[in-house]
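Written below as structure tokens is the structure these notes are about.
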Amino acid sequence: MKKNIQKILVIALIFIGMNTNAQTRYLDNMFDSVTVTTDVVYGQNLTVLPMLQGQPPAVAPLLCDIYEPKNDTISDRPVIIIMHTGSFLPAVLNGQATGSKSDNSIVENCTRWAKKGYVAIAMSYRQGWNPTSPSQSVRTSTIYKLHTEGFKMQKQW
């Protein structure tokens, strides 16, 4: 009887050990590849980037890229939103190597999260104000004006 209990205990411990090495969704990579849907429009806002070429501010679409696990059978998944850096200026103007939803680090992070089972969204945001004006009040008012007019525009949608 004592030997039977020992055998059952050993078999149970083996099965417990096998389960501990199993992958855990959202912690370990569960998928080998991801599906990316690019340039999905999620909103609109004003941008002053045309002002750099002497034109008035314009409405611009806000875009995102959506990363999902390929061949996932679960339809309800947690979402992670990743935003790039860039001080609200495009990469060329911000003096940094970053400033886009397609930066290498953003793409890598979204891909890693999607392989774990999440939906990862790399989003862009409204960029630009008039940083080239010699007047501090113009630089300040253009960023404020864009924020307040942007909120008014959103109410129309």
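A few remarks follow.
Every residue, every condition in (1) β-branched (Val, Ile, Thr); (2) closer than 30 Å to Thr24 by Cα; (3) modelled with pLDDT of 70 or more, yes or no:
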position: Asn71; (1), (2), (3): no, yes, yes
position: Ile80; (1), (2), (3): yes, yes, yes
position: Pro134; (1), (2), (3): no, no, yes
position: Ile143; (1), (2), (3): yes, no, no
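- Condition check for Ala12: outside any loop (DSSP other than H, G, I, E, B), small (Gly, Ala, Ser), modelled with pLDDT of 80 or more and surrounded by 10 or more Cβ atoms within 10 Å (Cβ to Cβ): no
- When the strands (runs of 3 or more DSSP E) confined to segment 31-88 are screened for residues that are among the β-branched types (Val, Ile, Thr) and within 16 Å of the chain's Cα centre (by Cα), those reaching at least 2 such residues are found at 34-47, 79-83.
The values are calculated or read from the model by the stated rules, or taken from the named source; none is laboratory data. Being a predicted model, the structure only gives us computed values, none of them experimental. Neighbour counts run over all protein chains shown; Cβ positions are idealised from the backbone, glycine included.
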